[in-house]
1. What number, in percent, do you get for the relative contact order of the stretch 1-168 if the mean sequence gap of Cα pairs under 8 Å and at least 6 apart is divided by its residue count?
2. Could you give the angle, 0 to 90 degrees to the nearest 10, between helix 77-91's Cα long axis and the longest principal axis of the Cα atoms of the chain?
3. Ranked highest first by average number of other Cβ atoms within 10 Å, how do 340-346, 223-229, 255-261, 141-147 line up?
4. Relative contact order (percent) for the stretch 155-217, with alpha-carbon contacts under 8 angstrom and 6 or more residues of separation?
5. Report, in degrees rounded to the nearest 10, the 0 to 90 angle that the Cα long axis of helix 315-326 makes with the longest principal axis of the chain.
6. What is the packing order of peptides 72-80, 13-21, taking the mean over residues of other C-beta atoms within 10 Å and listing the highest first?
7. Which residue, Phe381, Phe24, Phe319, has the most motion in a Gaussian network model of the chain that connects Cα atoms within less than 10 Å?
8. Leu165's amide H: which non-local residues (gap 5+, or another chain) put their own amide H closer than 5 Å, with H modeled 1.01 Å from N in plane and none for Pro or chain starts?
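Every number here is computed from the coordinates shown, using simple stated rules; none is lab data. None of these values were measured; they are calculated from a predicted model. Quick reminder, even Gly has a Cβ in these numbers, built from the backbone with ideal geometry, and neighbours come from all protein chains shown.
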Amino acid sequence: MSNFILHLDMNSYFASVEQQANSFLRGKPVGVCAYLAPRGCIIASSKEAKKLGIKVGCTVEKAKQIYPKIILVENEPAKYRSTTKKIFNILSDYTDRIEPYSIDEAFLDMTGHIKNWQQGEKIILEIKARIKKEVGEWLACSAGLSWTRFLAKFASDICEKDSYLLIDSIAKMEDIFNRVKITEAWGIKERMQVHLNRLGIFNLLDLKNFPVANIMQALGKPGYYLWANANGVEVQGIRTQEEILPKSIGHSYCMPRHTTDLKYLAGILMKLSEKTGRRLRIQGLEARGIYAGYWLKYGGGFFKSKKVPSALFTTEEIFKAAQNLLFKTLPPRAVTMLAVSVTQLQPLTNQLDLFYSLDKKRFACQAMDKINDKFGEYTIFNGTMWGLGDQAHDRIGFRKSVEIMDKLDRFSYEPI
Ligand SMILES: [Mg+2]
């Protein structure tokens with residue numbers, strides 16, 4: 001047991017940040033909403049609101065029924081982002097290996113930075129105190145310390161709010177496994193519980209002691225991960241931002257039709273943006289930069305990269321950024337290849353998770369993704385792609401598209 005992994009999770013984060021910013025809200029039931037209309041969703045509720053049963057996902061209408069005097073505020077992502085930055089700055093004083101897991105959660109690899117559990121406990125208390133002192137007295141967090149990433153998160157998930165839990169031995173782990181519901185474990189939802197019950201696994205201790213070969217036979221690879229997590233075996237470890245993030249995501253396409261037809265080119269560009277955007281969104285990322293270009297018939301071309309003022313996320317945002325970069329420069333010569341790539345990738349910061357988008361356009365785009373996930377690519381798509389014809393969907397050759405950065409880095413820059 002030589003590893004020390006710390007997981008930190010801010011409590012009622014968005015609501016606490018609002019209460020921190022406005023002392024009038026402190027100690028009162030507060031709901032942070034996607035938007036304030038009756039159908040708007042609560043995306044974070046203060047601990048006082050939680051006590052009344054007003055949870056995340058509750059509509060504004062319902063929240064008012066439960067407690068008419070509830071204070072509802074519209075979310076302000078910039079405020080949460082800047083607060084997170086301050087918190088993560090404090091965390092970076094303790095280790096250089098930090099995995100930002102969400103806007104209000106992080107894993108810290110303390111291995112090599114502390115020698116024993118007591119030191120770890122001291123650091124947890126210090127971090128909690130520093131967040132209150134340096135960022136805001138109303139900001140509380142839960143922390144878990146153990147020897148694997150899973151156990152650290154499990155510990156902070158099950159401990160009391162504004163406190164911490166150390167899982168520092170197999171005996172303590174087994175004792176806790178015997179007491180908590182299996183669905184409290186990170187990654188085990190009701191559906192998995194049904195599968196596990198069928199195997200005779202009713203709590204985490206059963207899972208720990210189950211023969212690994214049998215669980216793998218029943219559940220495949222996921223079965224192994226479950227078993228390993230319950231046995232204190234590290235399956236993933238900490239991955240820092242640099243290790244997780246791809247450098248860029250992009251697609252290029254050599255066109256069967258060499259043309260100056262802007263409508264056709266816009267259609268192709270939209271499709272490349274959609275392919276790029278889908279991959280960006282699947283990975284929960286947004287982009288601060290765009291890189292796009294084209295080749296012309298009889299040689300020559302144009303490639304340019306640009307930083308964008310607000311992060312790219314939707315297909316439309318990517319398309320517009322690429323179009324701005326390219327279409328003004330198009331000479332009256334046929335285009336043979338188009339390329340789009342998003343760069344300077346970062347984890348999505350202005351939403352809770354992929355299902356609670358705070359921005360209507362982003363939300364619509366994610367809804368389209370879900371439809372295409374379920375019913376197949378291009379079940380629903382932007383009208384600009386219209387007219388590429390059905391053949392384009394199958395035969396356009398996107399499967400052959402490549403990561404354009406690698407390719408274009410070697411491409412000699414030929415301005416026109
Ligand atoms: Mg939290």
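1. 29 percent
2. Roughly 60 degrees, rounded to the nearest 10.
3. Per-residue Cβ counts within 10 Å, averaged per peptide and sorted highest first, yield 141-147, 340-346, 223-229, 255-261.
4. It rounds to 25 percent for the stretch 155-217.
5. 40 degrees
6. 13-21, 72-80
7. Phe24
8. Residues meeting the amide H criterion: Ala143, Gly144, Leu145.
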